[in-house]
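Quick notes on the structure that follows.
The values are calculated or read from the model by the stated rules, or taken from the named source; none is laboratory data. Since this is a predicted model, take the numbers as computed values, not measurements. Because the Cβ atoms are built from the backbone with ideal geometry, glycine has one as well, and the counts that use them run over all protein chains shown. Areas reflect the complete protein model, heavy atoms only, side chains present, ligands, DNA and RNA absent. Shrake-Rupley method; radii C 1.70, N 1.55, O 1.52, S 1.80 Å.
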Amino acid sequence: DAKTTQPNSMESNEEEPVHLPCNHSTISGTDYIHWYRQLPSQGPEYVIHGLTSNVNNRMASLAIAEDRKSSTLILHRATLRDAAVYYCILSDVGNTGKLIFGQGTTLQVKP
Amino acid sequence: EAQVTQNPRYLITVTGKKLTVTCSQNMNHEYMSWYRQDPGLGLRQIYYSMNVEVTDKGDVPEGYKVSRKEKRNFPLILESPSPNQTSLYFCASSFRPNLAYEQYFGPGTRLTVT
(Lines give C-alpha, C1' and ligand atoms only; values in the text may rest on other atoms or scores of the structure.)
Protein backbone atom coordinates (compact mmCIF):
# COMPACT_ATOMS: atom_id res chain seq x y z
CA ASP A 1 0.00 0.00 0.00
CA ALA A 2 1.30 3.43 -0.92
CA LYS A 3 2.19 5.71 1.98
CA THR A 4 1.22 9.29 2.76
CA THR A 5 3.11 11.96 4.68
CA GLN A 6 1.32 14.75 6.53
CA PRO A 7 2.44 17.37 9.03
CA ASN A 8 1.69 16.35 12.60
CA SER A 9 -0.16 19.55 13.41
CA MET A 10 -1.34 22.85 11.97
CA GLU A 11 -3.01 25.94 13.33
CA SER A 12 -5.52 28.24 11.73
CA ASN A 13 -7.58 31.24 12.67
CA GLU A 14 -11.33 31.04 12.56
CA GLU A 15 -12.92 32.13 9.27
CA GLU A 16 -9.61 31.92 7.40
CA PRO A 17 -8.81 29.35 4.70
CA VAL A 18 -6.77 26.29 5.67
CA HIS A 19 -4.56 24.30 3.33
CA LEU A 20 -3.69 20.83 4.61
CA PRO A 21 -0.90 19.20 2.58
CA CYS A 22 -0.30 15.54 1.88
CA ASN A 23 2.65 13.93 0.08
CA HIS A 24 2.23 10.57 -1.62
CA SER A 25 5.22 10.16 -3.91
CA THR A 26 4.68 6.40 -4.41
CA ILE A 27 1.05 6.70 -5.50
CA SER A 28 -0.02 4.30 -8.24
CA GLY A 29 -2.18 5.17 -11.20
CA THR A 30 -5.25 3.51 -9.71
CA ASP A 31 -5.00 4.92 -6.19
CA TYR A 32 -7.77 7.24 -5.09
CA ILE A 33 -6.86 10.04 -2.68
CA HIS A 34 -9.24 10.17 0.27
CA TRP A 35 -9.58 12.61 3.13
CA TYR A 36 -11.33 11.74 6.35
CA ARG A 37 -11.42 13.67 9.58
CA GLN A 38 -12.04 12.66 13.16
CA LEU A 39 -13.51 15.16 15.57
CA PRO A 40 -12.82 14.64 19.27
CA SER A 41 -14.73 11.66 20.69
CA GLN A 42 -16.32 10.80 17.34
CA GLY A 43 -15.86 8.30 14.56
CA PRO A 44 -14.02 9.22 11.37
CA GLU A 45 -16.03 11.28 8.92
CA TYR A 46 -15.65 11.33 5.14
CA VAL A 47 -14.55 14.68 3.75
CA ILE A 48 -13.70 14.27 0.08
CA HIS A 49 -11.92 12.04 -2.41
CA GLY A 50 -10.57 12.22 -5.94
CA LEU A 51 -8.46 10.45 -8.53
CA THR A 52 -6.87 12.97 -10.88
CA SER A 53 -8.94 16.13 -11.15
CA ASN A 54 -9.57 18.71 -8.45
CA VAL A 55 -12.80 18.10 -6.56
CA ASN A 56 -15.19 20.35 -4.67
CA ASN A 57 -18.00 19.54 -2.30
CA ARG A 58 -19.92 21.34 0.41
CA MET A 59 -17.26 20.60 3.01
CA ALA A 60 -13.99 21.23 1.20
CA SER A 61 -11.94 21.24 -1.97
CA LEU A 62 -9.26 18.79 -2.98
CA ALA A 63 -6.41 20.03 -5.14
CA ILE A 64 -4.34 17.26 -6.74
CA ALA A 65 -0.92 17.96 -8.21
CA GLU A 66 -0.49 17.24 -11.88
CA ASP A 67 1.97 14.39 -11.17
CA ARG A 68 -0.34 13.17 -8.36
CA LYS A 69 2.55 12.95 -5.92
CA SER A 70 0.90 15.43 -3.58
CA SER A 71 -2.50 16.87 -2.78
CA THR A 72 -3.99 19.61 -0.63
CA LEU A 73 -7.23 19.65 1.29
CA ILE A 74 -8.67 23.16 1.38
CA LEU A 75 -11.16 24.30 3.98
CA HIS A 76 -12.36 27.63 2.65
CA ARG A 77 -13.38 29.19 5.96
CA ALA A 78 -12.30 27.34 9.06
CA THR A 79 -14.72 27.20 11.97
CA LEU A 80 -14.12 25.98 15.49
CA ARG A 81 -16.04 22.85 14.54
CA ASP A 82 -13.34 22.01 11.98
CA ALA A 83 -10.80 21.31 14.73
CA ALA A 84 -10.03 17.63 14.18
CA VAL A 85 -7.46 15.12 13.02
CA TYR A 86 -7.38 15.02 9.22
CA TYR A 87 -6.28 11.84 7.49
CA CYS A 88 -5.03 11.62 3.92
CA ILE A 89 -5.45 8.05 2.69
CA LEU A 90 -4.64 6.27 -0.58
CA SER A 91 -6.60 3.31 -1.82
CA ASP A 92 -6.73 1.12 -4.86
CA VAL A 93 -10.09 0.65 -6.54
CA GLY A 94 -11.25 -2.92 -6.27
CA ASN A 95 -9.32 -3.87 -3.15
CA THR A 96 -10.74 -4.97 0.21
CA GLY A 97 -12.22 -1.60 1.11
CA LYS A 98 -9.65 -1.15 3.85
CA LEU A 99 -8.73 2.41 4.76
CA ILE A 100 -5.17 2.69 6.06
CA PHE A 101 -5.12 5.51 8.57
CA GLY A 102 -1.78 7.13 9.34
CA GLN A 103 -1.20 9.59 12.16
CA GLY A 104 -2.94 12.44 10.34
CA THR A 105 -2.71 16.20 10.88
CA THR A 106 -4.19 17.67 14.03
CA LEU A 107 -5.80 20.96 13.08
CA GLN A 108 -6.30 23.58 15.77
CA VAL A 109 -8.62 26.49 14.99
CA LYS A 110 -8.20 29.62 17.07
CA PRO A 111 -11.10 32.01 17.61
CA GLU B 1 -31.26 9.91 8.61
CA ALA B 2 -28.48 7.76 7.14
CA GLN B 3 -26.41 6.38 9.95
CA VAL B 4 -24.34 3.61 11.45
CA THR B 5 -25.23 2.76 15.03
CA GLN B 6 -23.21 0.82 17.57
CA ASN B 7 -24.17 -0.61 20.93
CA PRO B 8 -23.11 -0.38 23.61
CA ARG B 9 -21.19 2.89 23.46
CA TYR B 10 -19.25 2.08 26.61
CA LEU B 11 -18.53 -1.30 28.17
CA ILE B 12 -16.41 -2.44 31.08
CA THR B 13 -16.04 -6.18 31.41
CA VAL B 14 -13.79 -8.83 32.89
CA THR B 15 -11.35 -11.18 31.22
CA GLY B 16 -13.01 -14.19 29.63
CA LYS B 17 -16.61 -13.00 29.69
CA LYS B 18 -18.04 -13.26 26.19
CA LEU B 19 -19.44 -10.08 24.71
CA THR B 20 -20.97 -8.80 21.51
CA VAL B 21 -20.81 -5.29 20.10
CA THR B 22 -23.61 -4.66 17.65
CA CYS B 23 -23.39 -2.59 14.49
CA SER B 24 -26.30 -1.65 12.27
CA GLN B 25 -26.63 0.53 9.17
CA ASN B 26 -29.79 1.82 7.51
CA MET B 27 -28.35 2.62 4.07
CA ASN B 28 -28.59 -0.83 2.45
CA HIS B 29 -24.81 -0.90 2.16
CA GLU B 30 -23.13 -4.06 0.94
CA TYR B 31 -19.81 -3.45 2.66
CA MET B 32 -19.21 -3.30 6.40
CA SER B 33 -16.07 -3.46 8.51
CA TRP B 34 -14.71 -3.15 12.01
CA TYR B 35 -11.71 -1.11 13.14
CA ARG B 36 -10.02 -0.65 16.46
CA GLN B 37 -8.22 2.53 17.44
CA ASP B 38 -5.34 2.57 19.88
CA PRO B 39 -3.04 5.46 20.88
CA GLY B 40 0.05 5.55 18.70
CA LEU B 41 -1.25 2.78 16.42
CA GLY B 42 -4.10 4.58 14.69
CA LEU B 43 -7.09 2.74 13.28
CA ARG B 44 -6.59 -0.85 12.19
CA GLN B 45 -9.07 -3.06 10.41
CA ILE B 46 -10.23 -6.16 12.30
CA TYR B 47 -12.72 -7.84 9.93
CA TYR B 48 -14.73 -6.86 6.92
CA SER B 49 -17.72 -8.14 5.01
CA MET B 50 -18.34 -7.73 1.28
CA ASN B 51 -21.98 -8.80 1.59
CA VAL B 52 -24.31 -11.13 3.47
CA GLU B 53 -22.52 -14.34 4.52
CA VAL B 54 -19.21 -13.05 3.10
CA THR B 55 -16.64 -12.06 5.72
CA ASP B 56 -12.85 -11.95 5.82
CA LYS B 57 -10.01 -11.07 8.14
CA GLY B 58 -8.46 -7.64 8.28
CA ASP B 59 -5.09 -6.81 9.78
CA VAL B 60 -5.78 -7.67 13.44
CA PRO B 61 -8.43 -10.43 13.59
CA GLU B 62 -7.02 -12.49 16.47
CA GLY B 63 -9.47 -12.83 19.34
CA TYR B 64 -12.48 -11.59 17.35
CA LYS B 65 -15.32 -13.16 15.40
CA VAL B 66 -17.96 -11.61 13.17
CA SER B 67 -21.08 -12.69 11.36
CA ARG B 68 -23.19 -11.19 8.58
CA LYS B 69 -26.55 -12.89 8.50
CA GLU B 70 -28.44 -9.78 7.44
CA LYS B 71 -27.32 -6.93 5.27
CA ARG B 72 -27.87 -4.26 7.89
CA ASN B 73 -26.12 -5.91 10.85
CA PHE B 74 -22.48 -6.82 11.45
CA PRO B 75 -21.85 -7.77 15.09
CA LEU B 76 -18.35 -8.06 16.54
CA ILE B 77 -17.95 -10.95 18.97
CA LEU B 78 -15.25 -11.34 21.58
CA GLU B 79 -15.50 -14.95 22.77
CA SER B 80 -12.96 -14.58 25.58
CA PRO B 81 -11.92 -10.94 25.98
CA SER B 82 -8.47 -10.11 27.26
CA PRO B 83 -7.01 -6.84 28.54
CA ASN B 84 -5.14 -6.27 25.25
CA GLN B 85 -8.52 -5.89 23.58
CA THR B 86 -9.19 -2.75 25.58
CA SER B 87 -9.68 -0.25 22.81
CA LEU B 88 -12.02 2.07 20.93
CA TYR B 89 -13.96 0.20 18.27
CA PHE B 90 -15.56 1.62 15.13
CA CYS B 91 -17.91 0.02 12.68
CA ALA B 92 -18.03 1.34 9.12
CA SER B 93 -20.13 0.75 6.03
CA SER B 94 -20.20 1.75 2.40
CA PHE B 95 -22.29 1.08 -0.67
CA ARG B 96 -19.63 -1.14 -2.19
CA PRO B 97 -16.14 -2.21 -1.08
CA ASN B 98 -14.81 -0.26 -4.04
CA LEU B 99 -13.10 2.69 -2.43
CA ALA B 100 -14.57 5.10 -4.94
CA TYR B 101 -17.43 5.21 -2.42
CA GLU B 102 -17.31 7.04 0.88
CA GLN B 103 -17.41 5.10 4.10
CA TYR B 104 -19.68 5.93 7.01
CA PHE B 105 -18.46 5.30 10.53
CA GLY B 106 -20.38 4.65 13.72
CA PRO B 107 -19.87 6.69 16.89
CA GLY B 108 -17.57 4.15 18.49
CA THR B 109 -17.63 1.68 21.38
CA ARG B 110 -15.12 2.16 24.17
CA LEU B 111 -14.30 -1.24 25.64
CA THR B 112 -12.34 -1.83 28.80
CA VAL B 113 -11.35 -5.39 29.76
CA THR B 114 -10.04 -5.81 33.30
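Numbers for the structure displayed
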| item | result |
| --- | --- |
| Inter-chain shielding of B:85-98 (mean C-beta neighbours from other protein chains, 10 Å cut-off) | 2 |
| Rounded percent of accessible protein surface that carbon and sulfur make up, the protein assembly as shown, 1.4 Å probe | 49 |
| FRET efficiency estimate (nearest 0.05) - Cβ-Cβ, B:Leu88 to A:Leu51, R0 35 angstrom | 0.70 |
| GNM result for chain A, Cα springs below 10 Å: residue of A:Val47, A:Val18, A:Val55 fluctuating most strongly | A:Val55 |
| Förster radius 35 Å - calculated FRET efficiency between B:Asp38 and A:Ile74 (Cβ-Cβ, nearest 0.05) | 0.70 |
| Percentage of interatomic Cα-Cα distances in the protein assembly as shown larger than 33 Å | 17 |
| Most positive-pole-ward Cα, A:Ile64, A:Thr96, A:Ala83, against dipole of the stretch A:55-97 from beta carbon charges | A:Ala83 |
| Listed pairs A:Lys3/B:Lys18; A:Lys3/B:Lys17; B:Lys18/B:Lys69; B:Lys18/B:Lys57; A:Lys69/B:Lys71 exceeding 29 Å between Cα atoms | A:Lys3/B:Lys18; A:Lys3/B:Lys17; A:Lys69/B:Lys71 |
| Prolate/oblate/rounded call for chain B, Cα gyration tensor, a/c under 1.5 rounded | prolate |
| Sequence of B:Arg44, B:Arg72 from largest to smallest accessible area, 1.4 Å probe | B:Arg72, B:Arg44 |
| The stretch A:41-50 - phi-based ³J(HN,Hα) in whole Hz, Karplus 6.51/-1.76/1.60, Gly and Pro as x | 6, 10, x, x, 10, 5, 10, 6, 8, x |
| Restricting the stretch A:10-111 to trypsin sites (Lys or Arg not before Pro) in coil, as DSSP defines it, with at most 14 other Cβ within 10 Å | A:Arg58, A:Lys69, A:Arg77 |
| Selected from A:Thr30, A:Thr52, A:Thr72 as most flexible by GNM, with chain A as the system and alpha-carbon contacts under 10 Å | A:Thr30 |
